[in-house]
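Written below as structure tokens is the structure these notes are about.
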Amino acid sequence: MIWLRASRPQTLAAALIPVMVGVSITYSNGYFRWDISLMVLLCAILIQIGTNFANDYYDFVKGADTDERIGFERATSAGLVTPEAMLKATLITMFIAFIAGLYLVWIGGWIVLLIGILSILFGILYTGGPYPLGYNGLGDLFVFIFFGIVAVMGTYYVHALQWSHFSFWASLPVGALAVNILVVNNLRDVGQDILSGKRTLGVLLGENALKWEYSLLLLLSYVIPFVIMVRLESGLWILLPLLSLPMSIPLMNQIWNHDDKRRLNRTLERTAQFMVLYGALFSIGILLM
């Protein structure tokens, strides 16, 4: 149970939805294969869990997790897992992801190997290394690229062995909603991050910047389906994600009007759930085009 909590299952939507959307495009275009889809999903989830383990370890050793933490419990800082065990779990999880990914490399070639290595490397460098991305205002960009563009387009490529304009456009709302999970996390932790020297966008630009970022990325997720419909003549089914609007409005209200940072833990979970709902509707819309 400790390791399950440490894997932070509430964030795994960021691994699941890009694969779901990418697979729906491959199915729509006649390239779907069960073996590839399941292996891509396995690798994506393992890399996400490995990244969460790495965050748990490096945030502890860098002093970012303190007794004043109001976010979800971290296993290392809570004393439930030793730093050595957490680092070992990180490396083992990433190694298993690499070994599993060799099947995809066998199918897709060197480009898939490059995607896999970079995904694992940046998953560790998000909080580790001499210039951790998450500590220097680059976490949002990393998440948008790897959990949006790379994940969706890479999923399509390893099935079809070619790139797709459609998969690029479809990756944008997915990346935007993945970033919003991080935005809530950073908005909740601004005060603690200032004290620990963690320079997220919230620390560098202020809380209002994060609120606007969340709002604009949410808006982007609703604009892109219209762009796809017009540019790629996809039909009205691509607008199916609009049905998620009733869930997005309360989330916006919580972001702008919360009076207790602890309530943002629930907002983070709801943001991840919203990503699942949006991703499911988006995937169904793609399949019905």
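The values are calculated or read from the model by the stated rules, or taken from the named source; none is laboratory data. Please read all numbers here as calculations on a predicted model, not as lab measurements. Cβ coordinates were reconstructed from backbone atoms using ideal geometry, including for glycine residues, and neighbour counts include every protein chain displayed.
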Restricted to the range 164-222 and to residues being surrounded by fewer than 17 Cβ atoms within 10 Å (Cβ to Cβ) and closer than 27 Å to TYR31 by Cα, the residue modelled with the highest pLDDT is PHE168
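Matching residues to (1) surrounded by fewer than 23 Cβ atoms within 10 Å (Cβ to Cβ); (2) assigned to a loop (DSSP other than H, G, I, E, B); (3) in contact (Cβ under 8 Å) with a residue 60 or more places away in the chain; (4) over 21 Å from the mean Cα position of the chain (by Cα):
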position: VAL19; (1), (2), (3), (4): no, no, yes, no
position: GLY30; (1), (2), (3), (4): yes, yes, no, yes
position: LEU42; (1), (2), (3), (4): yes, no, no, no
position: GLU73; (1), (2), (3), (4): yes, yes, yes, no
position: GLU84; (1), (2), (3), (4): yes, no, no, yes
Got a sec? Which helices (runs of 4 or more DSSP H) wholly within the range 185-289 have at least 1 residues that are over 22 Å from LEU172 (Cβ atoms), among the aromatic types (Phe, Trp, Tyr) and out of contact with any strand residue (DSSP E or B) (no Cβ under 7 Å at 6 or more places or on another chain)?
-> 245-257
Name the residues in the range 235-265 that are in contact (Cβ under 8 Å) with a residue 60 or more places away in the chain and surrounded by fewer than 20 Cβ atoms within 10 Å (Cβ to Cβ), would you?
-> LYS261, ARG262, ASN265
Got a sec? Which of THR51, THR26 is assigned to a helix (DSSP H, G or I) and under 22 Å from ALA280 (Cα atoms)?
-> THR26
Of all residues in the range 1-11 being under 19 Å from the mean Cα position of the chain (by Cα) and touching a residue at least 40 places away in the same chain (Cβ under 8 Å), which is surrounded by the most Cβ atoms within 10 Å (Cβ to Cβ)?
-> ALA6
Taking the range 119-133 as the search range and keeping residues that are among the small types (Gly, Ala, Ser) and part of a loop (DSSP other than H, G, I, E, B), which one is modelled with the lowest pLDDT?
-> GLY129
